[in-house]
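A quick write-up on the structure given underneath.
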There are 2 protein chains.
Amino acid sequence: MKKVVIIGGGFAGINLAKGLARDKNHTVTLVDKNNYNFFPPLIYQVATAYLEPSSISYPFRRLFRGKQNIQFRLGELLSVNTSENKVVLNNGDLEYDYLVFATGAETSYFGMENVKKNAIPMKTLNDAIEMRNKLLQRMEKAAICKNSRERRKYLNIVIAGGGPTGVEISGMFAEMRSGILRKEYPELSTTVSNIYLVDGGDALLGPMSRQSQQDTLDALTKMGVIVKLNTRVVDYKDDTVYFHTGETVVSKNLIWAAGVTARTFDGIPAQCYGRGKRLNVDEHNKVTGTANIYAIGDTCIQLTDPAFPEGHPQVAQVAIQQGTHLAQNFKKTAAGEALKPFRYHDKGSMAIIGKNKAVVDLPKPKMHFKGFIAWLMWLFIHLMSLISYRNRVTTFYNWMTSYFSKDQSLRMIIRPEKRKSVAETT
Amino acid sequence: MKKVVIIGGGFAGINLAKGLARDKNHTVTLVDKNNYNFFPPLIYQVATAYLEPSSISYPFRRLFRGKQNIQFRLGELLSVNTSENKVVLNNGDLEYDYLVFATGAETSYFGMENVKKNAIPMKTLNDAIEMRNKLLQRMEKAAICKNSRERRKYLNIVIAGGGPTGVEISGMFAEMRSGILRKEYPELSTTVSNIYLVDGGDALLGPMSRQSQQDTLDALTKMGVIVKLNTRVVDYKDDTVYFHTGETVVSKNLIWAAGVTARTFDGIPAQCYGRGKRLNVDEHNKVTGTANIYAIGDTCIQLTDPAFPEGHPQVAQVAIQQGTHLAQNFKKTAAGEALKPFRYHDKGSMAIIGKNKAVVDLPKPKMHFKGFIAWLMWLFIHLMSLISYRNRVTTFYNWMTSYFSKDQSLRMIIRPEKRKSVAETT
């Protein structure tokens, strides 16, 4: 009976745990600092008040109910003791036979302290809720602000990073501006506000096809988003975003979707980390130079897949496939069978721009879709991917109603009272 | 054109505003410290993770969309300047012709500082979310706690106050204990935990019929809740609840639903306040001794209704009827017509104990219902009362699924990261 400890319950960790469910040769303890799994491709919809947090998340304990060899542990990893095969958490220790890092990636500000301090990240569910609350509060402040230059600061939005998150969120804001803002903030009807989407590269949606990139640029421009390519943010202070071109934009809202980095771990030697702090792994996702430590998903880099000599992209599909694959390899090991090397099967990529607007690239046969048909494909894939039946139905319901009513009704600023401590101390 | 300023957007304030919507003789500004209205009768379901916050709340701006004489203002009242007919908010001033207090009631700890510091209140949506997060975190702590006495502290729950909230929440906990706790916390399967419901009076649901009181006591006892009547909490420290009888219970979870008090306001003379700090009002809800200041709902006390010589109960129905009535009286004043005194029409009272279990008292004809039929009545009334169509449908959907699956899937601990400030400072 092998003890598998998984650190992190995202796509990679969940799929590994599921793959080992009810297996007679393994017990699994999944450690996460949250008590829920969530679906990152849709957090931008939570951030813009189209979806509830609960529509895209699910408690681990519910997920593992009845799977008796899987335990959940709420906790944070402090360090690894490789000589004793033990991890130290903030609330106790765990022994392992196999340790698996599935910790994903976190927001990187490329060392810019002002950006880190003042920008709004878009990586976790907490980020999304914080963004929702901040933007709603700023709209209320704009509504009572007498100075038109100040008012524009509250309403201007700069989104850094032209990947799927940046594209999706700027499309959302463009729709909010012509919907909610116009209908429910009569105080602001005469204020002109701008939405900027900036990216350091020469195209949006870098890894997608030229056609998808151009369609996206066209659609966003038509929706009134000001797209600035070949432009990097270099500083953010005094409510002003500074670009490397010397240009500036006044705005209290800089949304940061421009970069990620992996985490490092106390007890894991420095030579284990590769590009972007990702753990170097072999073709079986074992961390190079270790005996029984593995890494899957965004936190690892694997240079052994012939089709991806530079490593795999940090996307959901890779994490899911690596989690499932590692579970199979653990089972093969237990059965004394030969292991299979990991190979990524690219199922294509997609991004949504707005209602009826999306782009989809399929690899084999190579095809490109846009507009309503791409939007339907996006909707179908994302609905099917959501993990629980319940989530699927309410998510679908919320989307349909907001689609037909062009409305978001989740715009409550819900936050703990200031007088109270948020942290649990007892 | 009269300027009506309403402080507070609960049942009373909302119904006053709605009653004046599109009226040619009045403009309305509704001030609230939240940007949403919520439905207090159901916050206990949010607290126990059966309903989403958004299922029982709705943004004011959405509510007033298209009603051009109604404005929403996010802000907190600091003081009233009666000589200049002006209110001072934390973010500006507003002038009024009529000022209406619809501020409801807040939790009272009867001067017990330890209780205030350590107990969990159950009055606002924020309270409910905090309670949900705290209890979920404590269940996780119990799951890794090795000491059985400590473990019981995390799991024991004491609910103070045997009104509808106390009854409803203890019923919920009893159901959670036999559902979620047993199925998803295998670590805790052998731990005995107790649920106590305590009240200073000699019956639960004080104002309801003897029969309802007895049915409720029987049902809760059968569900394993330990009901202690004629028992008052006198202190709460070192994870121990002290009762006036000398008894104690060890528990980290004291839920406080035992008392409310009204608020006082800077600028309103002390002689305007009556019992429980409620503002004394005449039969038209005008605050005694003022020319153009009104109070409606829980924050006022009216001794002019022949059927209620002691004042009205602090319940939703009174607030709703007073709000609607005051709107009519404002319109009558504008039209030069005679005002009507307020008379409360009691439509009955109800409380839910658990699935298939509720009690209902109807006044005319005097009737009592219990069990499944009462539960259906409760469900119907509450669904119909929820303000928006959207909320009605998703609420219904959540209830139905949790009813058939005996499950709550909203148990995500979602809270801002500790490293970040919750309060908006810019």
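Bear in mind that the values in this text are calculations on the coordinates, not laboratory data. This structure is a prediction, so every number in the text was calculated from the model and none was measured. With ideal geometry, Cβ positions are generated from the backbone for all residues, glycine too; neighbour counts draw on all protein chains shown.
Phi angles of region B:282-299 translate, via the Karplus equation with coefficients 6.51, -1.76, 1.60 and θ = phi - 60°, into HN-Hα couplings of 7, 5, 9, 6, 7, 5, 4, x, 10, 8, 9, 10, 10, 9, 9, x, 4, 7 Hz per residue; Gly and Pro are given as x. Taking other C-beta atoms within 10 Å as the exposure proxy, B:Val46, B:Val100 rank B:Val46, B:Val100 from fewest upward. Considering only DSSP states other than H, G, I, E and B, which trypsin sites (Lys or Arg not before Pro) in region A:141-202 qualify as loop sites with at most 13 other Cβ atoms within 10 Å? Here the sparse-neighbourhood loop sites are A:Lys146.
In vacuo Debye scattering of region B:113-258, one point per C-alpha: log10 I(q)/I(0) at q = 0.13, 0.15 Å⁻¹? Summing over Cα pairs of region B:113-258 leads to -0.56, -0.75. Cα-Cα pairs above 16 Å in region B:114-199: how many percent? Value for region B:114-199: 56 percent of Cα pairs lie more than 16 Å apart. The angle between the Cα long axis of helix A:164-176 and the longest principal axis of the Cα atoms of chain A comes to about 30 degrees, rounded to the nearest 10. Counted over region B:113-258, the DSSP beta bridges are approximately 35% antiparallel. Where only DSSP H runs of four or more residues are counted, chain A gives -9500 deg cm²/dmol as its mean residue ellipticity at 222 nm, each run worth -39500 (n - 2.57). Region B:367-383 and region B:262-297 have Cα centres spaced 36 Å apart. Students often get this wrong: which residues of region B:257-271 have the backbone nitrogen under 17 Å from the point 7 angstrom along Cα-to-C-beta of B:Asn292? So the set is B:268. Working note: Debye formula, equal point scatterers on the alpha-carbon atoms of chain B, no solvent; log10 I(q)/I(0) at q = 0.06, 0.11, 0.12, 0.13 Å⁻¹ is -0.26, -0.90, -1.06, -1.23. The equivalent ellipsoid that matches the C-alpha gyration tensor of region A:293-347 spans semi-axes of 20, 12, 10 angstrom, in descending order.
Computed about its Cα centre, the charge dipole of chain A is approximately 1020 debye, with only Lys, Arg, Asp and Glu carrying charge at their Cβ. Its relative contact order, with pairs defined as Cα atoms under 8 Å and 6+ residues apart, puts region B:278-381 at 17 percent. The Rg/Rh ratio for region B:242-301 is 1.25, where Rg is the radius of gyration of the alpha carbons and Rh is the Kirkwood radius.
Each 5 Å bin from zero holds the following percent of Cα-Cα pairs in region A:277-372: 3, 12, 19, 20, 15, 11, 8, 6, 3, 2, 0. Multiplying each eigenvalue of the alpha-carbon gyration tensor of region B:24-157 by 5 and taking the square root yields semi-axes of 40, 19, 10 Å, largest first, rounded to whole angstroms. Taken over region B:148-194, the convex hull of the Cα atoms encloses 65 Å³ per residue.
In the protein assembly as shown, what % of DSSP beta bridges are antiparallel (nearest 5)? Percentage antiparallel, nearest 5: 45.
Plainly put, the tip 7 Å out from Cα toward Cβ on A:Ser148 is 7.5 nm from that tip on each other copy, the closest given first.
Per residue, the convex hull spanned by the Cα atoms of region B:198-295 measures out at 159 cubic angstrom.
Using the alpha-carbon centroid of each, what span in Å lies between region B:184-221 and region B:300-316? Cα centroid to Cα centroid, the span is 29 Å. Computed on chain B, with alpha-carbon pairs under 8 angstrom and 6+ residues apart, the relative contact order is 19 percent. If both residues of a DSSP beta bridge must be in region A:1-107, then about 40% of such bridges are antiparallel.
For the protein assembly as shown, a Kirkwood hydrodynamic radius built from all Cα pairs, placed in the Stokes-Einstein relation at 20 °C and 1.002 mPa s, yields a translational diffusion coefficient of 73 µm²/s. Summary for B:Arg182: label point 7 Å along Cα→Cβ; distances to the equivalent points in the other copies, ascending, 5.6 nm.
Computed from the alpha carbon atoms alone, the convex hull of region B:164-216 holds 85 Å³ per residue. With Cα atoms defining each centre, region A:94-168 and region B:84-109 are spaced 34 Å apart in the structure. Label-to-label distances for A:Val250 across copies, nearest first, come out at 6.2 nm, using points 7 Å from Cα in the beta-carbon direction.
What FRET efficiency comes out for A:Lys331 versus A:Glu95 if R0 is 22 angstrom and r is the Cβ-Cβ distance? Round to the nearest 0.05.
0.60
With a Förster radius of 45 Å applied to the C-beta separation of A:Phe380 and A:Arg275, the computed FRET efficiency comes to 0.85.
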